[in-house]
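All remarks here apply to the structure that follows.
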Amino acid sequence: MLKFKINIADALGRVGFGGYDAKKTGYISQDTLKKLMAEDTRVTLESLNRLCVLLDMELKDIIAWEMSAEDAEDRKAVLSEKSRIRGKRRESGSAGSSVGDRNPDRRNPA
């Protein structure tokens, strides 16, 4: 789960960027600004880039990732499905016949 390391509202306030500025400049949309103020990390990479520019900070100083219980469950399910798919492939006998072996008449027309 992505989480903000800093209080975005405070950080933007320190550089003097607020809702009026978002509306007038269009640099960050008002909807995106609302998400950022609510600590909602579901914003575009472009918006995060603009936030980095405004705050003169690197993304690693603004956002952190922590494995949540939901993330752990998702990871387990995805890796289990991947393993299941690989097992099916092995069982189906993809032992490695080449494309040319499938139709020998096409390779050497008589």
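Could you figure out which of (1) closer than 19 Å to residue 61 by Cβ; (2) more than 27 Å from the chain's Cα centre (by Cα); (3) assigned to a loop (DSSP other than H, G, I, E, B) isn't true of residue 13?
The one condition residue 13 does not meet is (3).
Only one of these is of a type outside the set (Val, Ile, Thr) and either touching a His at 6+ places or on another chain (Cβ under 8 Å) or closer than 17 Å to residue 5 by Cβ (or both): 59, 79, 33. Name it.
On inspection, the qualifying residue turns out to be 59.
Could you please tell me which pairs satisfy a Cβ distance under 8 Å, a separation of 6+ or placement on different chains, a first residue in the range 1-20 that is free of Cβ contacts under 8 Å to residues at least 60 places away in the same chain, and a second residue that is in a helix (DSSP H, G or I) and charged (D, E, K, R)?
Partner pairs satisfying both residue conditions: 5/61; 6/61.
Inside the range 21-38, can you point out the residues that are within 24 Å of residue 69 (Cβ to Cβ) and either in contact (Cβ under 8 Å) with a residue 60 or more places away in the chain or loosely packed, with under 12 Cβ neighbours inside 10 Å (or both)?
Across the range 21-38, the qualifying residue is only 38.
Which one is nearest to residue 9 (Cα to Cα) among residues in the range 26-55 that are acidic (Asp, Glu) and in a loop (DSSP other than H, G, I, E, B)?
For the range 26-55, the residue satisfying everything is 39.
Based on this model, can you work out whether residue 50 counts as of a type outside the set (S, T, N, Q), surrounded by 12 or more Cβ atoms within 10 Å (Cβ to Cβ), closer than 21 Å to residue 3 by Cβ and free of Cβ contacts under 8 Å to residues at least 24 places away in the same chain?
Yes: the conditions hold for residue 50.
Can you confirm whether residue 86 is modelled with pLDDT of 95 or more, surrounded by 10 or more Cβ atoms within 10 Å (Cβ to Cβ) and either basic (Lys, Arg) or within 30 Å of residue 18 (Cβ to Cβ) (or both)?
Here the answer is no, as residue 86 does not meet what is asked.
Sort through 3, 34 and tell me the only one that's among the basic types (Lys, Arg) and touching a strand residue (DSSP E or B) at 6+ places or on another chain (Cβ under 8 Å).
One residue alone meets the criteria, 3.
The values are calculated or read from the model by the stated rules, or taken from the named source; none is laboratory data. The model shown is predicted, which means the values in this text are computed figures rather than measured ones. No Cβ is skipped: glycine too gets one built from the backbone with ideal geometry, and neighbour counts run over all protein chains shown.
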